[in-house]
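Enquirer: Okay, here's the structure, questions in a sec.
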Amino acid sequence: MAFSRRLFLKTGGLGLLSLGLPPSFLVRAAEGEKSRRNKILVVVFQRGGMDGLNAVVPFKDRSYYSLRPSIAIAEPSSGKDRTIDLDGFYGLHPALAPLTPLFDKGHLAVIHAAGSPDNTRSHFDAQDYMELGTPGVKNTPDGWLNRLLTENKSDRNPFRAVSLTQRLPRILAGKAPALTMTSIEEFRLRDSLLAPALQKVYANIQDPLLRQGGENVFEAMRILKTMESTLPPPSSESYPAGRLGESLKQIGRLIKANIGIEIAFTEIEGWDTHVNEGGAEGQMANRLQELAGALAAFYRDLGDRMDDVALVTLSEFGRTARENGNRGTDHGHANVMFAMGGKIKGGKVYGRWPGLDPGVLYEGRDLALTTDFRAVCGEILSRHLGQKDLKKVFPAYEFAGPPFGIIA
Amino acid sequence: MSAPLTDEQKIAHLLGRITFGPTPAETEKVKSKGIVPYLEEQLQPEKIPDSLVEDKVAKLKSVHLSSQELLELYPPPQQVKAKGMELSPMQSPRYVVLELQQAKLLRAVYSRRQLYEVMVDFWTNHFNVFAGKGADRWLVTSYDRDTIRPHALGRFRDLLLATAKSPAMLFYLDNWLSVNPEAVMNRPRATAAPVARRGINENYARELMELHTLGVDGGYTQKDVVEVARCFTGWTIRRPRGQPEFLFDARMHDRGEKVVLGTRIPAGGGMEDGVKVIDLLSRHPSTARFIAGKLARRFVSDDPPSSLVDQAAKAFRESDGDIKDTVRAIVRSPEFFSPEVVQAKIKKPLEFVASALRAVGAETNASPALLRSLVRMGEPLFLAQPPTGFPDVGSTWISPDMLLTRINFAIDLTANRIAGTRVKNAETWAELVAAPEFQRR
């Protein structure tokens, strides 16, 4: 914006027209002036159903070790490959070590025995329920992040909500425009000369799906072009290899660009550990390492800007409390969530622990749920983003009980 | 009410639905033959000579090899290291999936058995296997050739049984490791399964009902999932990376009585337990409705009229799951040609790319560059990770990122910038392929 602003002041505006730039350029330059440091919500979805009991280990619950003879994580003690003690009862999986400084600083909170109350053990239904924000109801037309956007209809900036995925996730589907992008650099037309003609064709069709898609594409390309000179360079922070690290890096760059981003979404697959889940090392440990590495890099990358950011993790369900016959776990119920941010009141594990004794397991097999994910997200929406009417975002959910106080 | 379709519109619509997109030659063919005879011809693919494309596919060596041969010719990296093998770069296992992808794309573009190829693609997604999961890289070639293709227009029950016994599916959904918890054995010697594992694995049993047959609301419970998993204990693979073939291992099998969807399966049934479940599920009314609904979505619209789904489900039930009869019932229904459903479907990336190449008469060798466009559009062939396969609902394919990629593909194709693919008078086609209308069929 700095460039166009300087140019604008120098030429008094009118000169721009003589440079062959259309009047819309002035509007755009003015738009840039509005960009501000707004609050941002980042959602990371862990697809496949993370085993929350091995991510944040209830090492003081006696049943934990008897339920999981071959995959349990050892109690905290000296030496490696042991649970990292958080509060004398819970501990982090050793692969989550990059998150301990954040927890110690009070910028990372853990919510245990949390998730969606519906009892489905289908990945696809459970993900839909969580993304629609209406557990048990499948025909909800839009995702809860999109409903959050429609509260302010006047703003059509496609960068308000960006998903760093190819496909638009259900959580962002709905009436408000939302962008998907896999790379800022590659979000451009391979023949820019064709842009005006194509934009016109897409703008003039009846087909709402393609018209809206085209509108978002061309508008986003236009904004990126106007920001070319002010876009911060790609971060030098070392994010772990893989899609999650790459997308959090891109999200960080968009946030620092002050492009008007309010909601960002990304995902990490590979949590469906039916076989050879591993313990302190192995399949799930590798995933956790990628997760923790990416979150910690994002935290360092944004620095002070983390004060404006709240990041939450979601996963469709937890896994069976008991390990199965293949040193893995099957689809279960409650899980663990993480919340990270400069204003998050972290350094604490939230939620009531239901226990793992056979008599209290949900349907005799899974961790019972004591915190609805909507309670956690709702509190962040209202306190962080200033969302007043939570009923619009999470219809049919009763926000009862005292607040967690998870965010300042 | 819109006016009924003209004959020309009908032909274009038919070709948009039962083929990978119209070509001038195919349009002429339907014109001279008539719609119903053309459909009937397409329903008998074995009678359509197809040497043009099979000559091209013949050059892709790995596509014709058995899983065992693939493991020997394109050995897993661990083996290469352990045995200190010297290999040529062409023996990298990645060629196995690459050539399979190339064969699929070539057939979509050039095969004359178009409806058959459409059905192969449909079942490949319905019975999805992720080629990126461990040993499946060497198993999907045979899965495509020996499991899906022989039954794509056959009987659903045979197809279901074939997938249940396929090493690719047994590996993908972990059933090969599912063991009776009470099994008395030191270790299952016949298999490569690690020592001392006991207990069932629910993964296959759940997806078998949720995704392959009844549908998630088809009326089964968590208890049924466990019972079905017990029935399939012992359905395993001899050695996934050594002798990748189906094996029923009686020592892994749970011999007790099971009750599946209210039907008692007496103790001691052995391998028959699983076969009984396949029979039970393939003849269940929820399955007829679920399969009919998915086929109607493929051929008619994302939200097909329930009258049509009813008709198709009836055809499925009355023919004991004959896939041809079910497809015929859909394509010959009045709903199929109703004006409301014309252009109602968004093309999946494979459909978009193949239809573009067909429309412009491109010459292609299905090079990696072309396959990369499919990856960027969200459809890396044989590499859908979740067991749902690639979705068949339009809105999932038109995100801004995917739409931009499609437009860029049109630009590259019509500027002859895709290696291995050539278009005559390329630039004259740009407007067609990049048009919003061309995203639909």
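The values are calculated or read from the model by the stated rules, or taken from the named source; none is laboratory data. The structure presented is a predicted model; accordingly, all values stated were derived computationally and were not measured. Every residue, glycine as well, gets a Cβ built from its backbone with ideal geometry; the counts of neighbours run over all protein chains shown. Ligands, DNA and RNA are stripped out before the accessible areas are found, and what is left, the full protein with its side chains, is counted by its heavy atoms. Shrake-Rupley method; radii C 1.70, N 1.55, O 1.52, S 1.80 Å.
Enquirer: Restricting the search to region A:365-388, which residues are without any contact (Cβ under 8 Å) to a residue 12 or more places away in the chain and not hydroxyl-bearing (Ser, Thr, Tyr)?
Expert: Of everything in region A:365-388, just one residue is without any contact (Cβ under 8 Å) to a residue 12 or more places away in the chain and not hydroxyl-bearing (Ser, Thr, Tyr), namely A:Lys388.
Enquirer: Does B:Glu351 count as in contact (Cβ under 8 Å) with a residue 24 or more places away in the chain, surrounded by fewer than 20 Cβ atoms within 10 Å (Cβ to Cβ) and either assigned to a helix (DSSP H, G or I) or more than 10 Å from chain A (Cβ to nearest Cβ) (or both)?
Expert: Spelling it out, it is not the case that B:Glu351 is in contact (Cβ under 8 Å) with a residue 24 or more places away in the chain, surrounded by fewer than 20 Cβ atoms within 10 Å (Cβ to Cβ) and either assigned to a helix (DSSP H, G or I) or more than 10 Å from chain A (Cβ to nearest Cβ) (or both).
Enquirer: Which is buried (at least 19 other Cβ atoms within 10 Å of the Cβ) and either within 23 Å of A:Pro177 (Cβ to Cβ) or within 9 Å of another protein chain (Cβ to nearest Cβ) (or both), of B:Ala434, B:Ala384?
Expert: After ruling out the rest, the residue left standing is B:Ala434.
Enquirer: Are any of the residues in region A:118-133 open to solvent by 10 Å² or more (accessible area, probe 1.4 Å), of a type outside the set (Asp, Glu) and away from every other protein chain (no Cβ under 14 Å)?
Expert: no
Enquirer: Among B:Asp279, B:Asp273, B:Asp302, B:Asp320, which is in contact with a strand residue (DSSP E or B) (Cβ under 6 Å, 6 or more places away or on another chain), charged (D, E, K, R) and in contact (Cβ under 8 Å) with a residue 24 or more places away in the chain?
Expert: After applying the criteria, what remains is B:Asp273.
Enquirer: Does A:Gln206 satisfy being at negative phi, facing chain B (nearest Cβ under 7 Å) and assigned to a loop (DSSP other than H, G, I, E, B)? Break it down stepwise before answering.
Expert: Details: at negative phi: yes; facing chain B (nearest Cβ under 7 Å): no; assigned to a loop (DSSP other than H, G, I, E, B): yes.
The answer is no for A:Gln206.
Enquirer: Just one of (1) more than 9 Å from chain B (Cβ to nearest Cβ); (2) buried (at least 17 other Cβ atoms within 10 Å of the Cβ) trips up A:Met221, so point out which.
Expert: Going through the list (1) more than 9 Å from chain B (Cβ to nearest Cβ); (2) buried (at least 17 other Cβ atoms within 10 Å of the Cβ), A:Met221 breaks only (1).
Enquirer: So B:Asp392 ticks every box in (1) closer than 24 Å to B:Val120 by Cα; (2) assigned to a loop (DSSP other than H, G, I, E, B); (3) within 10 Å of chain A (Cβ to nearest Cβ) but one. Which box is left unticked?
Expert: The single condition B:Asp392 does not satisfy is (3).
Enquirer: Now a separate question. Could you tell me whether B:Ala415 is open to solvent by 10 Å² or more (accessible area, probe 1.4 Å), without any contact (Cβ under 8 Å) to a residue 24 or more places away in the chain, among the aliphatic types (A, V, I, L, M) and outside any helix (DSSP H, G or I)?
Expert: In short, yes.
Enquirer: Hey, another quick one. Looking at (1) facing another protein chain (nearest Cβ under 10 Å); (2) open to solvent by less than 20 Å² (accessible area, probe 1.4 Å); (3) modelled with pLDDT of 90 or more, find the lone condition where A:Arg160 falls short.
Expert: The one condition A:Arg160 does not meet is (1).
Enquirer: In contact (Cβ under 8 Å) with a residue 12 or more places away in the chain, part of a helix (DSSP H, G or I), within 19 Å of the chain's Cα centre (by Cα) and on the phi < 0 side of the Ramachandran plot: is that true of B:Phe336 in this structure?
Expert: no
Enquirer: What residue, among those in region B:56-78 that are crowded, with 17+ Cβ neighbours inside 10 Å and of a type outside the set (A, V, I, L, M, F, W, C), is farthest from B:Pro93 (Cα to Cα)? Even if it seems obvious, please write down each step before you answer.
Expert: Pass one, region B:56-78, residues crowded, with 17+ Cβ neighbours inside 10 Å: B:56-57, B:60, B:62-63, B:65, B:67, B:70-71, B:73-75.
Then keep just the ones that are of a type outside the set (A, V, I, L, M, F, W, C); that gives B:56, B:62, B:67, B:74-75.
Values: B:Lys56: 21, B:Ser62: 10, B:Ser67: 12, B:Tyr74: 5, B:Pro75: 7 Å.
So, considering only residues that are crowded, with 17+ Cβ neighbours inside 10 Å and of a type outside the set (A, V, I, L, M, F, W, C), the one farthest from B:Pro93 (Cα to Cα) is B:Lys56.
Enquirer: Filter region B:8-55 down to the residues that are of a type in the set (S, T, N, Q), open to solvent by less than 50 Å² (accessible area, probe 1.4 Å) and touching a residue at least 24 places away in the same chain (Cβ under 8 Å) and list them by number.
Expert: Going residue by residue through region B:8-55, those that are of a type in the set (S, T, N, Q) are B:9, B:19, B:23, B:27, B:32, B:42, B:44, B:51.
Still in the list and also open to solvent by less than 50 Å² (accessible area, probe 1.4 Å): B:19, B:23, B:27, B:42.
Across region B:8-55, the qualifying residues are B:Thr19, B:Thr23, B:Gln42.
Enquirer: Within the group A:Val275, A:Val201, which residue is among the aliphatic types (A, V, I, L, M), in the same structural domain as A:Asp51 (by TED's automatic domain parsing) and open to solvent by 10 Å² or more (accessible area, probe 1.4 Å)?
Expert: Answer to the selection: A:Val275.
Enquirer: In region B:132-164, which residue that is of a type in the set (A, V, I, L, M) and in contact with a Lys or Arg (Cβ under 9 Å, 6 or more places away or on another chain) is farthest from B:Gln101 (Cα to Cα)?
Expert: B:Leu153
Enquirer: Can you tell me how many residues within region B:284-321 are surrounded by fewer than 18 Cβ atoms within 10 Å (Cβ to Cβ), outside any helix (DSSP H, G or I) and of a type outside the set (Gly, Ala, Ser)?
Expert: Counting residues in region B:284-321 that are surrounded by fewer than 18 Cβ atoms within 10 Å (Cβ to Cβ), outside any helix (DSSP H, G or I) and of a type outside the set (Gly, Ala, Ser) gives 4.
Enquirer: Determine which member of the set B:Gln91, B:Gln101, B:Gln78 is out of contact with any strand residue (DSSP E or B) (no Cβ under 9 Å at 6 or more places or on another chain) and within 15 Å of B:Leu350 (Cβ to Cβ).
Expert: B:Gln101
Enquirer: Please list, ordered by residue number, the helices (runs of 4 or more DSSP H) wholly in region A:1-78 having 1 or more residues that are modelled with pLDDT of 50 or more, surrounded by 12 or more Cβ atoms within 10 Å (Cβ to Cβ) and of a type outside the set (A, V, I, L, M, F, W, C).
Expert: A:52-55, A:62-67
Enquirer: Quick one: which residue in B:Ala410, B:Ala362, B:Ala366 is open to solvent by less than 20 Å² (accessible area, probe 1.4 Å), modelled with pLDDT of 95 or more and under 20 Å from the mean Cα position of the chain (by Cα)?
Expert: B:Ala366
Enquirer: Can I ask one more? Whether any residue in region A:165-178 is free of Cβ contacts under 8 Å to residues at least 24 places away in the same chain, outside the structural domain of A:Glu269 (by TED's automatic domain parsing) and open to solvent by less than 80 Å² (accessible area, probe 1.4 Å) is what I want to check.
Expert: no
Enquirer: Does A:Gly278 count as within 30 Å of B:Val225 (Cα to Cα) and free of Cβ contacts under 8 Å to residues at least 24 places away in the same chain?
Expert: no
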